[in-house]
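Just so it is clear, none of the values below were taken in a lab; they were calculated from the coordinates. Just so you know, these numbers come straight off a predicted model, no measurement behind them. As a convention, Cβ positions derive from the backbone with ideal geometry for all residues, glycine included, and neighbour counts pool all protein chains shown.
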Amino acid sequence: MTESRWVRIGLRVMTFVALAFIYLPLLILAIYAFNDSRSQVWPPPGFSLRWFGEAMSNGRVVDAFITSVLAGLGATLLALVLGTLAALGVARHRFFGREAVSFMLVLPIALPGVLTGIALAATFKTLGVDFGLPTIIVGHATFCVVIAYNNVVARLRRLPRSTEEASADLGADTWQTFRRVLLPGMRTALLSGGLLAFALSFDEVIVTNFTAGPGTETIPLWIFSAIQRPREVPVVNVVALALIILSVVPVYVAEKLSGAESAVVR
Amino acid sequence: MSSARAGTSRAPLTRRFAAWLHPRRRLQLTLLLTSPLLWIGLAYLGSLGILLLNAFWHTDAFSGKVIPEFSLDAFGEVVTNPVYRTIALRTLGMAVAVTVTDVLLGFPIAYYMARVASRRTRRILLIAVLLPLWASYLVKIYSWRVIFQGNGLLDWLLEPFGISGPGLNEITNSWVVLSYLWLPYMILPIFAGLERIPESLLEASSDLGGRAGGTFRRIVLPLALPAIAAGSIFTFSLTLGDYITPTMVSGTKFIGNVIYDNSSLGSLPLAAAYSFVPIVIMVVYLFIARRMGAFESL
Amino acid sequence: MRRTLRIPALLVGLALIGAGCGLGSASSSATASGSAGASASGSALPSGMATTLPPAEDELDLVIWGGYAENGSNDPNYDWVTPFEDETGCKVKTKDGTDSANMVSLMATGQYDGVSASGDATLRMIAAGTVAPVNTDLIPNYADVFDGLKNQPHNTVNGIPYGTPHGRGANVLLYNTDTFKTAPTSWDPVWDPNSPAAGKISIYNSSIYIADAALHLQQTNPELGISDIYQLNEEQFNAAVELLKQQHDIVGEYWNVSNDQITSFGSGDMLAGTSWQYQLNTILLDKPDAHLAATLPDEGSTGWSDTWMISSTAKHPGCMYRWMDWMLDPHTNALATVWFGEAPVSQAACDEAEKISPGHCDSYHATDEAYFSKVHFWSTPREDCNDTDPATTCKDVEDWIAAWTDITGG
């Protein structure tokens, strides 16, 4: 379908509006990273680079960043494994209650995070689990499973079953078929699902607040406490800006990889 | 999975196991589903169930401890105190408003990305939409505070026209900020859904004399609907569960605030009883979304 | 009837059953984990209180208000954690609580040795058995603490202390000097519907603010007979809630964290409100010519004095006792109170604070007992009114939270 000229212009305008909406607050954030004053009054009274130095020499930020990356990687890995298992079960088997699986997996992200947080914390406490990085990972993985699952299940629906059948006919067993046929087919789905799961985990604050233990602090938790203290607010803006800039790398790489491959898959 | 991983070493035992497993579909299924179902079905839903059980207990007024004796006091409080109804309706209304806004804002850009933009532009736009997901949620809310607050950006921009900004006590602030926060979660599924519509289908429609508007209404929209429903699960549920945004930019309370405020210092049974409100709303919503095919497009 | 509940409520055995996690009520696993006093039975001391200083362990897990345990990572000049670790061998691990509710639920997990609790949560944790009594004889620096900070109703039950102070501060009236040419002597600017600041009034967003309404009613409506602004009977409570609902119409913002006000007053958006000295000082640091001032009105005010409390299931009681003493050490306390912006706990700490930040103690009225005698420190509303008269009942913290939801959420 070729859209008429006016439709195209309209779409361009709306795209521009949406992008402007998305980037306006990020622009503000960037401006305040250079703000000389501690308070976020408008317009910013002066220009300063000093918060960049303070951010870089702040050991707590560095520790929190490492914790966040570890939590994100752990949760993503767990979510990918669990999500792929469930997706293979649902997409390649028929069984009673198949529909209910999707429904159940989506609940942790669909229900309020505060409920997930309180419920998991109470269970950890009863089981006598020490709160820390592992409990954060468990909490995050719970709501990330659905992301991995959705991506993989959607891909499996589009992958022709004929190749798997051919593989089986040629004498390949379950594992070989998974490794040689399914896994390559699912790779980009795992990549994009993993990236989104990591992003979700990296910015999660509500569940984390309930499941973190003594001495474990993620970037969002650090921001949550730093944002309450005026002498650290400017540093928060610097850190947030740095995160956006840093995130260009994984997003770009993943997009490039999946872009190149999705052309093949389609 | 552990047996699967060991398989790379091509140990004969694992090969034999895989060969033995091959015809046993039922067992395969069991192996696949056991861990995800144990995790979500037992650990997560079990924890949630125990939390909700508190709704039927009551607290000792002296120590605030929960006493496990059956009582419907908490439900009574939720039903009879009008403020809880007001808050539930406010949150629900907000979830609807944010979802509609995000569809209206997100559909055109998703459509442009999927069907109009060149491959290069599409990639740039996709990155542009994904990037804000990495900017901290809390920092984004604080940026909006700068925009709304008295003598803030909006006041500054509107001053020449003699209009003043909204300040930080307006419910519309929450509408803007929540629509903002969850917009990428709407754009991405719609983009993926639109991208999946085969070009041939659209060409066939126009070959058969279908006008652009008709093709859009009869072919694009029905095929995009599941994707929109999928995106709406995020925008709707994330709004329903948020409690930081309304406090920060509107000075008001949502369902999540009541649950959070009562979860430790206040009355846990009340928090648990009130939790049924978002749970029931979400389960109904998910059923509707599933009928629209959302689960195939998440 | 309720009175009989007190004894079991204090038992260490019930300690883990916090208000925070509902599951706790089904478990009874508290006693085993080696609280300092759990073994010290048979003495005249209250159960759960340590009799001798336990040896230092190797770790200390704390729930804190952000800024209460700095290890120099934010500013190398403010580090009182590293020297503590070097001296005691206790590795300090902290978790910032986001608000009192969050702190109560964190403490209820039993994962932490201690907490810097505010008064709106302290009595609740004491009643729930989450925290243990503190033997101040084991804390040498306690002797130097100002009398005005010892044995306060918000952390002492039946004469038994449940912790040591961190510092103190008053909730002051922050106002714009253009709007109020002469310093207000009462809290009328935030209550009067015709206040010159109407619509630009900034109010603390917490149920504990109901006490400020009670304080105002003490003056304007003496027949209500309010004696303790934190323990209100039904009639007094309803009057306070009614007043707050009227105030809702003239409120411009309900602030949550100090930074909210630093922005709203710094930009000139808000004109009057309940605040901390800290906000004003921070604004003036940036903008010395800001037209703002703060005052403690004649009728007095509410205020806060956070308490370091020890968990009744602390795994590291030796480290926690050393920490409580450390936080009262003059140099440490000076560092900590200058960093956060509040009044130090002793004269010796004030002398140290002068070296770090000249004028600190004057600015926060640290040694001005007349000033603090007008300040009612936050305390937890209790059903028994926190007194020994069985005839009186008061609205407890659950009611306060529900009412605050009603006032701000309706």
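Can you tell me what share of the DSSP beta bridges in the protein assembly as shown is antiparallel? A percent to the nearest 5 is fine. Spell out each step's value before the answer.
Values: 28 of 46 bridges.
Of those bridges, close to 60 percent are antiparallel.
For residue C:172, list long-range residues whose amide hydrogen, built 1.01 Å from N in the peptide plane, is under 5 Å from its own amide hydrogen.
Those qualifying (amide H under 5 Å, at least 5 residues apart or on another chain) are C:275, C:276, C:277.
Points 7 angstrom from Cα along the Cβ direction at residue A:48 and residue B:218: gap in nanometres?
The two pseudo-label positions are separated by 6.5 nm.
Can you tell me the 0 to 90 degree angle between the C-alpha axis of helix C:397-409 and the longest principal axis of chain C, rounded to 10?
It works out to around 30 degrees.
Taking only the alpha carbons of region B:37-145, what extent do you get along each of the three principal axes, in Å, biggest first?
Sorted largest first, the three principal extents are 65, 38, 26 Å.
In whole Hz, what ³J(HN,Hα) sequence does region A:243-252 give by Karplus (6.51, -1.76, 1.60; θ = phi - 60°), x for Gly and Pro?
Going residue by residue, I get 5, 4, 5, 4, 5, 4, 4, x, 5, 5 Hz, with x marking Gly and Pro.
How large is the helix-only mean residue ellipticity at 222 nm for chain A, computed as the sum of -39500 (n - 2.57) over DSSP H runs with n ≥ 4, divided by its residue count, in deg cm²/dmol to the nearest 500? Show your work: numbers first, answer last.
Working: 12 runs with 204 residues, N = 266.
Here the helix-only value at 222 nm equals -25500 deg cm²/dmol.
Say R0 is 56 Å: what FRET efficiency, to the nearest 0.05, do residue C:181 and residue B:207 get from their beta-carbon distance? Could the numbers behind the result be given before it?
Values: r = 80 Å, r/R0 = 1.43.
Efficiency, from the Cβ-Cβ distance: 0.10.
Would you please name the trypsin sites (Lys or Arg not before Pro) within region C:63-143 that are DSSP coil residues with at most 14 other C-beta atoms within 10 Å of their C-beta?
On the way: sites: C:91, C:93, C:95, C:124; in loops: none.
Taking region C:63-143 and a limit of 14 other Cβ atoms within 10 Å, no loop trypsin sites (Lys or Arg not before Pro) are found.
Can you sort A:152, C:375, C:345 from fewest to most other Cβ atoms within 10 Å of each residue's own Cβ? Mind showing how you got there, number by number?
Details: A:152 25, C:375 20, C:345 30.
Sorted ascending by nearby Cβ count, the order is C:375, A:152, C:345.
Counting only C-alpha contacts under 8 Å and six or more residues apart, can you give the relative contact order of region C:147-259 as a whole percent? Working shown, then result.
Values: 89 pairs, mean separation 30.2, N = 113.
Averaging sequence separation for qualifying contacts and normalising by length gives 27 percent for region C:147-259.
Using the C-alpha gyration tensor of the protein assembly as shown, what are the square roots of 5 times its eigenvalues, in whole angstrom, with the largest one first?
Ellipsoid half-lengths, sorted descending, are 50, 34, 26 Å.
Around residue C:255, which amide H atoms from residues at least 5 apart in sequence, or from another chain, sit under 5 Å from its own amide H, with H modelled in the peptide plane?
C:203, C:204, C:205
Mean-square fluctuation check for chain B, GNM, Cα pairs under 10 Å: which of B:77, B:159, B:170 is largest?
B:159
Does a label point 7 Å from the Cα of residue A:242, set along Cα-to-beta-carbon, have any residues of region B:130-149 with amide nitrogen under 17 Å, and which are they?
Correct set: B:134-137, B:139.
Spelling out what I want: for every residue of region B:211-224, take phi, set θ = phi - 60°, compute 6.51 cos²θ - 1.76 cosθ + 1.60 (Karplus), and round to whole Hz; glycine and proline get x.
Working through the residues one at a time gives 7, 3, x, x, 4, 4, 5, 8, 10, 5, 4, x, 6, 7 Hz.
What is the distance in Å between the Cα centroid of region C:319-336 and that of region B:99-139?
A separation of 52 Å, based on Cα centres.
Return C:120, C:325, C:86, C:58 ranked ascending by Cβ neighbour count within 10 Å, so the fewest neighbours appear first. Could the numbers behind the result be given before it?
Numbers: C:120 28, C:325 21, C:86 9, C:58 12.
With the sparsest Cβ surroundings first, the list reads C:86, C:58, C:325, C:120.
Please get the size of the charge dipole for chain B, origin at its Cα centre, with Cβ charges of +1 on Lys and Arg and -1 on Asp and Glu, quoted in debye to the nearest 20. Don't jump to the answer; show the numbers that get you there.
Numbers: 24 positive and 15 negative charges, 358 e Å.
Charge dipole of chain B: 1720 debye, to the nearest 20.
Report, in degrees rounded to the nearest 10, the 0 to 90 angle that the Cα long axis of helix C:234-248 makes with the longest principal axis of chain C.
It works out to around 50 degrees.
By how many degrees, 0 to 90 and rounded to 10, does the Cα axis of helix C:277-286 deviate from the longest principal axis of chain C?
Orientation of helix C:277-286: about 70 degrees from the principal axis.
Which far-off residues, 5 or more places away or on another chain, put their amide H under 5 Å from the one on residue B:59, with H placed in the peptide plane?
Here B:67 satisfy the definition.
Give a residue-ordered list of calculated ³J(HN,Hα) values for region C:50-56 (Karplus: 6.51 cos²θ - 1.76 cosθ + 1.60, θ = phi - 60°; whole Hz; x for Gly, Pro).
Listing the rounded values in order: 6, 9, 10, 5, x, x, 5 Hz.
Give me the percent relative contact order of chain A, please, defined on Cα pairs under 8 angstrom at least 6 residues apart.
Answer for chain A is 30 percent.
Over the C-alpha atoms of chain A, what are the Rg and the largest Cα-to-Cα span, Dmax, in Å?
22.4, 73
Quote the charge dipole size of the protein assembly as shown about the Cα centre in Debye, to the nearest 20; the model charges only the Cβ of Lys and Arg (+1) and of Asp and Glu (-1). Don't skip to the answer; put the middle values down first.
Details: 64 positive and 83 negative charges, 1355 e Å.
Taking the Cα centre of the protein assembly as shown as origin, the dipole is about 6500 debye.
What does the helix-only formula give at 222 nm for chain C: each DSSP H stretch with n ≥ 4 adding -39500 (n - 2.57), the total divided by the residues, and the result rounded to the nearest 500 deg cm²/dmol? Walk me through the intermediate numbers first.
Values: 15 runs with 135 residues, N = 410.
For chain C, the value works out to -9500 deg cm²/dmol.
At a threshold of 8 angstrom on Cα-Cα distance, excluding pairs fewer than six apart, so keeping six or more, what relative contact order does chain B reach in percent? Walk me through the numbers on the way to the answer.
Working: 331 pairs, mean separation 70.4, N = 298.
Value for chain B: 24 percent.
Using a Cα-Cα cut-off of under 28 Å, which lysines could be cross-linked to residue B:253, ignoring same-chain neighbours fewer than 8 residues away?
Reachable lysines: B:65, B:140, C:95, C:200, C:245, C:395.
Would you list, by chain and number, the lysines whose Cα falls below 20 Å from the Cα of residue C:374, excluding same-chain residues fewer than 8 positions away?
Output for residue C:374: C:150.
Divide by every residue of chain B the summed helix terms, -39500 (n - 2.57) for each DSSP H run of at least 4, and state the resulting mean residue ellipticity at 222 nm, rounded to the nearest 500 deg cm²/dmol. Mind dumping the intermediate values first?
On the way: 15 runs with 197 residues, N = 298.
-21000 deg cm²/dmol, from helical runs alone.
Lys/Arg Cβ at +1, Asp/Glu Cβ at -1, dipole of chain A taken about the Cα centre: which of A:214, A:103, A:185 is farthest positive-ward?
My answer, from the dipole projection, is A:185.
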